1. Helix 180-189 versus the longest principal axis of the chain: what is the Cα-based angle in degrees, 0 to 90, to the nearest 10?
2. Given the C-alpha centroids of region 257-324 and region 397-415, what is the distance between them in whole angstrom?
3. Starting with the highest mean, order 308-321, 383-396 by the number of other Cβ atoms within 10 Å, averaged over the residues of each peptide.
4. Provide the FRET efficiency to the nearest 0.05 for the residue 541-residue 118 pair, computing r from the beta carbons and using R0 = 30 Å.
5. In percent, what relative contact order does the chain have, based on Cα pairs under 8 Å that are 6 or more apart in sequence?
6. Full-extension gain between residue 497 and residue 553, please, as 0.36 nm times their residue separation minus the C-alpha to C-alpha distance.
7. Semi-axes, largest first, in whole Å: what does sqrt of 5 times each Cα gyration tensor eigenvalue give for region 363-550?
8. For region 51-163, what size does the Cα cloud have along each of its three principal axes, sorted from largest down, in whole Å?
């Protein structure tokens, strides 16, 4: 293909490419949504693609940003964006829920994406929102990256924000470039060269040329993989793999991305948007192009929005706002033509309440470490005695110990309270203020090279009687005592996540005691505790409970 004029974009080129971008986004997301989160390899072929424009949060939020431009104009800020989000998109999942809780606790962007977001900060939730910024910044990749960064910091930080910048710059450049390698260069140019994401881009671009699909996928997972299926590094690696090995074919590109698994709706949608934009709607396979419906779908989470919209209106509104963005920022790009435009009919909603000036986390009194009094005797081997003296125990006993997680080191764990804490010797107790929902265990000597047990104690008040989800994460064995009763326990080992353990719990109004017992054996203990609303739904569908009053005066 010939290189396009990089300063002047005709209305025909713009509408063809923006339509190809959105159709590719919708088709890829529609195909990938039913298998989202499955980490296996898949076997989709071009015959599996359907010309459907189904609902997906990957596109919902970009329609929201188009509305945000209507409300605030090209000078909109991160603060404008987050208020529109909280007004119209009350989804409680993962980083979306963390962002919402942070804002309600008094934080503003970029802190809404940083604070207490230790697990989801590098997710795919913001890279999937990149296309709208490319569409309204045609031919201006650095400007698109700037808007993408304002967007990304709402609920992410670090590599995820870099990934949204990368994709937005590529999306912006599809209107003036025909070469995929050149697009990748442009995307790479706006990424922080010190970031791990930059390393991913450089590395996967090389691997995708040198190795077959299966080898490249395996290398991505071995070097950049993460157990959380939405983690940005592995998934953007799959997008780059699909784009390069798709060799300019729309269907092959989407299939090579989606067949990598993991966050499949996002990878297929992002790859589909870029290849769809490069080819333009006119360059899509005719059997898909001819059957694409004229309406796209929005999900029920888009509160105040109609449930469907016109694809023609979406493409024209992007062109309308692109001209305004170009003029506002005095870009040297000229977008020709007049674009029909009618704002989406949106009903205003009430913002959630701001409940605090800043987030509050508990003081934890840490008690320990304790070591098991090992009084069992391993007998010597009868056939081959371990020692010369029969009175000596087995050599295995000499070397062996465990933490004794079921030993009551407090002489009454169920009754443990503030009075019992105050009665303990000073060398066994320390108090630390938590900085987020993870327990601060630093004052316990975690360098000990033998098994031990520790406790963490705090108190809190609830202003109401309520059913809640008690959420817990731990790297090793633990016991959770609520008001003296053991409500959760595990002897397993696993990476720390905020979703490892959950228990339904009825709380009465008033004061509560929380004692967490944990073991350190071959790995360092790390712990997480939070409360989520219940209302008869799975905890993944509910926001964090933010009315807890922590008793921080002990």
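1. Value to nearest ten degrees: 50.
2. After rounding, the separation between the Cα centres reads 59 Å.
3. Working: 308-321: 20.6, 383-396: 10.7.
Most protected by this proxy first, the peptides run 308-321, 383-396.
4. Details: r = 22 Å, r/R0 = 0.73.
Efficiency for this residue pair is about 0.85.
5. After rounding, I find 18 percent.
6. On the way: separation 56, 0.36 × 56 = 20.16 nm, distance 2.89 nm.
Residue separation times 0.36 nm, minus the Cα-Cα distance, leaves 17.3 nm.
7. Working: eigenvalues 271, 66, 42 Å².
With the √(5λ) rule applied to region 363-550, the semi-axes are 37, 18, 15 Å.
8. Largest to smallest, the principal-axis extents are 36, 32, 27 Å.
We did not get these values from a lab; they are worked out from the coordinates using the rules stated. A quick note: this is a predicted structure, and the numbers were derived from the prediction, not measured. For neighbour counting, all protein chains shown are included, and Cβ atoms are generated from backbone atoms with ideal geometry for every residue, glycine included.
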